[in-house]
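Quick notes on the structure that follows.
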Number of protein chains: 2
Amino acid sequence: MTDCTRTERTRVRRNPSRGVYDRAVIDAILDEAPICHLGLVDDGQPLVLPTIHARVGDDLLLHGSAAGRAMRVLAAGAPVCVTVTLVDGLVLARSAFHHSMNYRSVVLLGRASLVEGDEAKTAALEAFTEKLVPGRWPEVRWPTRQELKGTIVLSMPIDEGSAKVRSGPPVDDDADYELDVWAGVVPLSTAPGEPIPDTDGPIPAHVLAYSARHQA
Amino acid sequence: MTDCTRTERTRVRRNPSRGVYDRAVIDAILDEAPICHLGLVDDGQPLVLPTIHARVGDDLLLHGSAAGRAMRVLAAGAPVCVTVTLVDGLVLARSAFHHSMNYRSVVLLGRASLVEGDEAKTAALEAFTEKLVPGRWPEVRWPTRQELKGTIVLSMPIDEGSAKVRSGPPVDDDADYELDVWAGVVPLSTAPGEPIPDTDGPIPAHVLAYSARHQA
């Protein structure tokens, strides 16, 4: 694991003190976020699509239907941007201008390549499933050859990118600290609710563990 | 308010039954989501950046630092994509293949134009503030001319776009309903925590109302 290169394209220019190129920080954000936003250019038009991702070592995996346009554009080697954002809180400053969010985001640039072969594709689908709910893969019916054929899996190296992190209290102009305005942070997090079963029988341990982990 | 046009670019092609072009649905998603992901093309490279947005009638407002590259690219009339995604749950199917997410997303395409003049820019900043935490704007110190000068505000019409919505239980292949695999949905939502004050004094009503609204 090597840190991401700080290219002219990925250097954090706005609020550079928030820029992080450390792979441990980048990986933790990629691993925590349930979804990413995938950017591509289609006939000159930028498109941003929500999808799920999984990190395996130094690669980020993406997948989609073989019939879908986005996957085919990317499989052909088009440049891609994958952005992941975790919203951690609203930052309520004394001035309107200094209102902000606490967040952790990652922007990765690169090109994706096709993951081919039933074994490699199955391993990738295992990674997606286990990332969302660890312990789920051994419990479910695994993909058939037909299902694998209908799925495109793409891999992109995690080598050109950066994280951007804001945390902590509001930062106001000196003079504004005199004002009688309540300031502070409202933390935000993603919280699971009670599972809604579609089957009879007890809720399995891996599902309960998922809920417990995220409520902690 | 007119519904969004279903152009060749915004027609939902994958799972077309999930496509929604109804402005009431689109607006509700835009209004609920705290952030969007903004897509642009910079020298052939797609870039996806998290930012906040606010809807005012038939327009979506964006803003950023006048010193930032993205805002300048968009202010020059480059094509833009704004995508908003609310993750509502993990859909745990009997088969790995039919695992999914419940979500509500909106993809808007278009071009943005500059919002100019101190009055119009101030009104836009009010819209951002009030969208995040209703009741906040009257309490805070408003932008100075210098702050307005340092802020670019962009407006794009909400006319070419679509929403995509998945809700409800997993949908498995007929044969898989026989399997002894627990299936169901784990709902996910954004939950505020206890406000962390940066000032003395009681937490004001608009902040308490924000927390209460989101916990309901």
Legend entry - Gyration tensor (alpha-carbon) shape descriptor, the stretch B:102-216, a/c threshold 1.5: oblate
Legend entry - Label distances, nm, B:Q45 versus same residue in remaining copies, Cβ-directed 7 Å point: 2.5
Inset, instruction - Return the distance in nm (one decimal) between the two label points of a simple spin-label model at B:S113 and A:A76, each offset 7 Å from Cα along Cα→Cβ. - result: 3.3
Legend entry - Copies compared at A:R213 - label distances in nm, ascending, label defined 7 Å from Cα in the Cβ direction: 3.3
Legend entry - Accessible area per residue in Å² at 1.4 Å probe, computed on the protein assembly as shown: 45
Legend entry - Virtual spin-label span in nm between B:S65 and A:S167, 7 Å along Cα→Cβ: 2.1
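Within the protein assembly as shown, what whole-number % of the accessible surface is contributed by carbon and sulfur, with the 1.4 Å probe and all protein chains included in the calculation?
Result for the protein assembly as shown: 53 percent of the exposed heavy-atom area is carbon or sulfur.
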Inset, instruction - Compare A:T151, A:T199, A:T51 in a GNM of chain A, Cα atoms joined below 10 Å, and give the one with the largest fluctuation. - result: A:T199
Inset, instruction - Every other copy gets compared here: list the nm distances from the A:T190 label point (7 Å along Cα to Cβ) to its counterparts, shortest first, one decimal. - result: 1.2
Inset, instruction - With +1 on each Lys and Arg Cβ and -1 on each Asp and Glu Cβ, and nothing else charged, work out how big the dipole of the protein assembly as shown is about its Cα centre, in Debye to the nearest 20. - result: 1000
Inset, instruction - Return the lysines within reach of B:K121: Cα separation strictly under 19 angstrom, same-chain partners fewer than 8 residues apart disregarded; answer none if there are no such residues. - result: B:K131, B:K149
Inset, instruction - Tabulate in residue order the Karplus-calculated ³J(HN,Hα) for the stretch A:159-167, using 6.51 cos²θ - 1.76 cosθ + 1.60 with θ = phi - 60°, rounded to whole Hz; enter x for Gly and Pro. - result: 9, 10, x, 7, 9, 9, 10, 10, 9
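On a full-extension model of 0.36 nm per residue, what is the gain between B:R18 and B:K149, subtracting their alpha-carbon distance, rounded to one decimal in nm?
Separation in residues times 0.36 nm, less the Cα-Cα distance, equals 42.9 nm.
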Inset, instruction - Between the chain alone and the structure with every protein chain in place, find the residues of the stretch A:91-123 that drop at least 50 Å² of accessible area; heavy atoms, 1.4 Å probe. - result: A:R94, A:A96, A:F97, A:M101
Legend entry - the protein assembly as shown - mean residue ellipticity at 222 nm from DSSP helices (-39,500 (n - 2.57) per run, n ≥ 4, rounded to 500): -6500 deg cm²/dmol
Inset, instruction - Note the buried accessible area between B and A here, summed over both chains, with a 1.4 Å probe, in Å² to the nearest 100. - result: 6400
Inset, instruction - Rank these by accessible area, largest first, 1.4 Å probe: B:R13, B:R23. - result: B:R13, B:R23
Legend entry - Cα lying deepest toward the dipole's positive end in the protein assembly as shown, options A:P50, B:P34, B:A205, charges on Cβ: A:P50
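The values are calculated or read from the model by the stated rules, or taken from the named source; none is laboratory data. Keep in mind that what you see is a predicted model, and the values were worked out from it rather than measured. Virtual Cβ from ideal backbone geometry, glycine too; neighbours counted across all protein chains shown. For the accessible areas, the whole protein counts, side chains as well, though only heavy atoms, and no ligand, DNA or RNA atoms are used. Shrake-Rupley method; radii C 1.70, N 1.55, O 1.52, S 1.80 Å.
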